[in-house]
């Protein structure tokens, strides 16, 4: 709320289109917000940034944000550090604003989408939790979100599944590319189609255990191939003269869409799927969450979208990087039963859904990560999810001890730890807004942990319930109540339990 007002005011003071930042500094001594606008202006017109900063400082102090800004300081080469007024913080705490986007979008969020040729792996869980929480945040921001699972139940991988089952039963020779593991042996006697249905059912059960929800299960076979959608998409591209024939095959740019034997490629199926998303179902935006092995496919998909006449900016592809399971400093395999991979079910049995979610969510999707199995299983303050849940339970415990009245005088909250807690509570709408814009979901667990830290610092420094100071007690109980609700809301957004007792 404050950041948006500050940004809007600065925009009035500089040339239109000037790119600048308004961020929260890591060090509270550097203000509640900091802007690089003076440095940006200096690059634009050659002025001394300190002189520019002095001029902007004077204009900001006398502007419409003077009711929320206590002071403005100039730091370093020309950064503007802005400090909030205490009364503005108290007023905002009473209102507790929520973030809502100005432009509501119809968004298709497709995630997990693992081939129905085996159990979900631990890596699928990383993308699954990410997509589930991103959907929660986009919805909280005011967008209309459809959670979608694309079932890749046609083509070569299904043919391989059928052959793998036959090979496991000794009916045909084994090949290196066949699927292996005890789960394949249990499918002996099943056709590829029957096996897909069984495996898809198991995938759905695993996702339910993990608390990962979908609105639509979109089948390549039923929704695209059997309805002739690949042919329709091909005709659409031909009319746009986007295809070229070479060596008996049809090409879109450097990618084949129809092989020389007239067989359709996966790329054409993907184009038909996105034709369905953007042109038939008219989504404003589509977000695809893919595994690291699809990294090289991003550029091709973007070019394909453009060939369909869709602005490539409307398609956002998130690549989930690789994950390793670590215990006692070494990479481990938890399940011989699952073959050469660790299943999502295995992980959930070991650490539970809450810890699994937290540990995956706290790392940026574009970084490789080591999942610390030993830490995830600990029920101590060293485990971040336990630490945050314990902070929530502590707040609930305090509120059970003393009744909160509705006439709390929040102006009595003036200690540094109290004000720091208020500031942290008021950050949540900004965090939601940032994630809704850049999809950096790891901001949310980081915020939850910081909120728990600030609440703990307040609790350890100040006595909440004091019989000799009833008015202050009520004010602090009100602060604890808002903290509890904010922690609960944050954990709910992450799909993590907010226990009232621990």
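The values are calculated or read from the model by the stated rules, or taken from the named source; none is laboratory data. Keep in mind that what you see is a predicted model, and the values were worked out from it rather than measured. Backbone-built Cβ (ideal geometry, glycine too); neighbour counts: all protein chains shown.
Taking region 33-62 as the range and being closer than 19 Å to residue 4 by Cα, outside any helix (DSSP H, G or I) and at pLDDT below 90 as the test, only 62 passes.
Of the helices (runs of 4 or more DSSP H) lying entirely inside region 85-169, those carrying at least 1 residues that are more than 21 Å from residue 281 (Cβ to Cβ) and under 23 Å from the mean Cα position of the chain (by Cα) are 122-140. Would it be correct to say that residue 251 is over 30 Å from residue 135 (Cβ atoms), touching a strand residue (DSSP E or B) at 6+ places or on another chain (Cβ under 6 Å) and either outside any helix (DSSP H, G or I) or in contact (Cβ under 8 Å) with a residue 12 or more places away in the chain (or both)? Yes: the conditions hold for residue 251.
One line per residue, one yes/no per condition, for (1) modelled with pLDDT under 95; (2) touching a helix residue (DSSP H, G or I) at 6+ places or on another chain (Cβ under 6 Å); (3) closer than 17 Å to residue 481 by Cβ; (4) buried (at least 19 other Cβ atoms within 10 Å of the Cβ):
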{"site": "358", "(1), (2), (3), (4)": "no, yes, no, yes"}
{"site": "393", "(1), (2), (3), (4)": "no, no, yes, no"}
{"site": "404", "(1), (2), (3), (4)": "yes, yes, yes, no"}
{"site": "445", "(1), (2), (3), (4)": "no, yes, no, yes"}
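The single condition among (1) surrounded by fewer than 21 Cβ atoms within 10 Å (Cβ to Cβ); (2) on the phi < 0 side of the Ramachandran plot; (3) touching a helix residue (DSSP H, G or I) at 6+ places or on another chain (Cβ under 9 Å) that residue 495 does not satisfy is (2).
Could you tell me which numbered condition residue 456 fails, if it satisfies all but one of (1) surrounded by fewer than 18 Cβ atoms within 10 Å (Cβ to Cβ); (2) over 27 Å from residue 354 (Cβ atoms); (3) touching a helix residue (DSSP H, G or I) at 6+ places or on another chain (Cβ under 7 Å)? Single failed check for residue 456: (2). Considering region 299-318 alone, what residues qualify as being under 22 Å from residue 256 (Cα atoms) and under 19 Å from the mean Cα position of the chain (by Cα)? Within region 299-318, 315, 317 meet the criteria.
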